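A.B. asks: Here it is, the structure in full.
The values are calculated or read from the model by the stated rules, or taken from the named source; none is laboratory data. Remember, predicted model here, so these are calculated numbers, not experimental data. Cβ coordinates were reconstructed from backbone atoms using ideal geometry, including for glycine residues, and neighbour counts include every protein chain displayed.
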Amino acid sequence: MFKKIWYQSVKLFLKISLHLYAQKIIIKGTKNIPKKGAVLFAINHPNALMDPLFVTTFNSRENHFLVRADVFKKPLIRKFLSSLNLMPIFRIRDGIKQLSHNEEVFEKCFKILKKQQTLIIFPQGGHSRKRTIQPLSKGFTRIVFGALERYPELEISVIPVGITYQNSSVYPSKVCVQFGEVIDAKAIYESNIPAKASLILKEKVSSQLKKLTVHIPDDENYETILSKLNAANVDFTNVDLVNKMIAENSIPEAQKKQFNFLKPLYYLILLNSIFPYIIWKKTTKIIKEIEFVDTMKFSVNVMTCLFFYSFQALIVSILFNFKTGFFYFLMSIFMIFLYTKTAPTNTED
């Protein structure tokens, strides 16, 4: 009971925080999510831990998800992540010996599905900011069909989920999360030999992902098409329209990026958040992959801004009075909200 209250409390806190971080969050296709029963969400993975945060926070199911094992290295972080239903998955780069631990993880996944719960998995195998759906790994099919082999009476719904950012490492940005149509994994499993069943499931998931997020074919024209889309300052979160532009080669002419008239407000927020900003600048030195920029930026802001605004409000209350301190705290949050929701969100340069 306590774990459920903890999970829902953190989920609510994250939902509020994400609305303060992202200018616009577009959620589509939630009607496709079964209210009960085993579900595996197969998601593209452009933006590290921000991806599962957006997907799990804005759907009604309590989710379990697999993330790269190196995130779990520190004991305190491992305990915190485990309390929120995160499980480590080991890759070859973690060491050949570590891969044996995946058998235990797969067993946990089978039991989660047996209990009619949900799993979030990234079938591309790793994160990448490229706006393309790479070939999918067979790991997620092994989990789905392994559970069906272990529990023949089980029904598993596989739902592809496309997540698209306007600009995944710039604040504020826009994001679109689209839940695709249910794929009946059991029907595929029972009608085909294992190798063919795996190929069919991968193809069905891949085909939907290419429609649920912006997909530029990863060929010799990729960089040219991406450059044209960025120059036209298209709204990538309008996924259907952008995919139509790519398919029909009808990308608009280059346009000027929107000028940010709210820069003075941004600098005021920065001045008010000087201590979180210093912590963030120190944190940037340990970020080795660009996909983790947004994750670390969000995490540092969530953990430090609330603390320092509260501390600074306390000081204001002592120097003046409680009402003034409380007003300062509300204005600090309101300035962030105002900037987040009204600042221009351009494409990458």
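A.B. asks: For region 245-347, please list each of the helices (runs of 4 or more DSSP H) lying entirely inside it that holds at least 2 residues being in contact with a helix residue (DSSP H, G or I) (Cβ under 8 Å, 6 or more places away or on another chain), of a type in the set (A, V, I, L, M) and not assigned by TED's automatic domain parsing to the domain that holds Met50.
C.D. replies: Once the helices (runs of 4 or more DSSP H) in region 245-347 are filtered for at least 2 residues that are in contact with a helix residue (DSSP H, G or I) (Cβ under 8 Å, 6 or more places away or on another chain), of a type in the set (A, V, I, L, M) and not assigned by TED's automatic domain parsing to the domain that holds Met50, what remains is 263-272, 293-319, 322-342.
A.B. asks: Residue by residue through region 223-244, note down the ones that are assigned to a helix (DSSP H, G or I) and under 16 Å from Thr164 (Cα atoms).
C.D. replies: Leu226, Leu229, Asn230, Val239, Asp240, Leu241, Val242, Asn243, Lys244 - these are the residues of region 223-244 that are assigned to a helix (DSSP H, G or I) and under 16 Å from Thr164 (Cα atoms).
A.B. asks: In this structure, does Pro135 turn out to be assigned to a loop (DSSP other than H, G, I, E, B), in contact with a Phe, Trp or Tyr (Cβ under 6 Å, 6 or more places away or on another chain), assigned by TED's automatic domain parsing to the domain that holds Glu153 and at negative phi?
C.D. replies: no
A.B. asks: While we're looking at this one, here's another question. All but one of (1) touching a strand residue (DSSP E or B) at 6+ places or on another chain (Cβ under 8 Å); (2) surrounded by 20 or more Cβ atoms within 10 Å (Cβ to Cβ); (3) outside any strand (DSSP E or B) hold for Gln178, so report the exception by its number.
C.D. replies: Evaluating Gln178 over (1) touching a strand residue (DSSP E or B) at 6+ places or on another chain (Cβ under 8 Å); (2) surrounded by 20 or more Cβ atoms within 10 Å (Cβ to Cβ); (3) outside any strand (DSSP E or B) leaves (3) as the failure.
A.B. asks: Can you name the residue in region 267-278 that is exposed (fewer than 15 other Cβ atoms within 10 Å of the Cβ) and under 26 Å from the mean Cα position of the chain (by Cα) and, of all such residues, is farthest from Val316 (Cα to Cα)?
C.D. replies: So the residue we want is Ile278.
A.B. asks: Looking at region 193-220, I want the residues that are more than 9 Å from Pro160 (Cβ to Cβ) and have a partner that is part of a helix (DSSP H, G or I) and small (Gly, Ala, Ser) with Cβ atoms under 7 Å, at least 6 apart or on another chain. Which pairs are those?
C.D. replies: Hits for this filter: Leu201/Ala185.
A.B. asks: Just to be sure I understand, how many residues within region 6-53 are out of contact with any helix residue (DSSP H, G or I) (no Cβ under 7 Å at 6 or more places or on another chain) and in a helix (DSSP H, G or I)?
C.D. replies: Number of matching residues: 13.
A.B. asks: Can you confirm whether Ala185 is crowded, with 22+ Cβ neighbours inside 10 Å and over 25 Å from the mean Cα position of the chain (by Cα)?
C.D. replies: Criteria not met by Ala185.
A.B. asks: Let me ask another. Could you check, for region 202-220, whether at least one of its residues is surrounded by 16 or more Cβ atoms within 10 Å (Cβ to Cβ), at pLDDT 95 or above and either in contact with an Asp or Glu (Cβ under 6 Å, 6 or more places away or on another chain) or farther than 29 Å from Ile27 by Cα (or both)?
C.D. replies: No, because not a single residue in region 202-220 is surrounded by 16 or more Cβ atoms within 10 Å (Cβ to Cβ), at pLDDT 95 or above and either in contact with an Asp or Glu (Cβ under 6 Å, 6 or more places away or on another chain) or farther than 29 Å from Ile27 by Cα (or both).
Condition check ((1) of a type in the set (Lys, Arg); (2) closer than 30 Å to Ala247 by Cα; (3) at pLDDT 90 or above) across all residues:
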position	(1), (2), (3)
Glu104	no, no, no
Lys115	yes, no, yes
Ile120	no, yes, yes
Lys130	yes, yes, yes
Phe145	no, no, yes
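A.B. asks: What is the residue count in region 38-66 for residues that are in contact with a Ser or Thr (Cβ under 6 Å, 6 or more places away or on another chain) and either modelled with pLDDT of 95 or more or not assigned by TED's automatic domain parsing to the domain that holds Thr141 (or both)?
C.D. replies: Looking only at that region, the number is 2.
A.B. asks: Next question, about the same structure. Which condition from (1) under 22 Å from Ser128 (Cβ atoms); (2) part of a helix (DSSP H, G or I); (3) touching a helix residue (DSSP H, G or I) at 6+ places or on another chain (Cβ under 6 Å); (4) not small (Gly, Ala, Ser) is the one that Arg78 breaks?
C.D. replies: Against the list (1) under 22 Å from Ser128 (Cβ atoms); (2) part of a helix (DSSP H, G or I); (3) touching a helix residue (DSSP H, G or I) at 6+ places or on another chain (Cβ under 6 Å); (4) not small (Gly, Ala, Ser), Arg78 comes up short only on (1).
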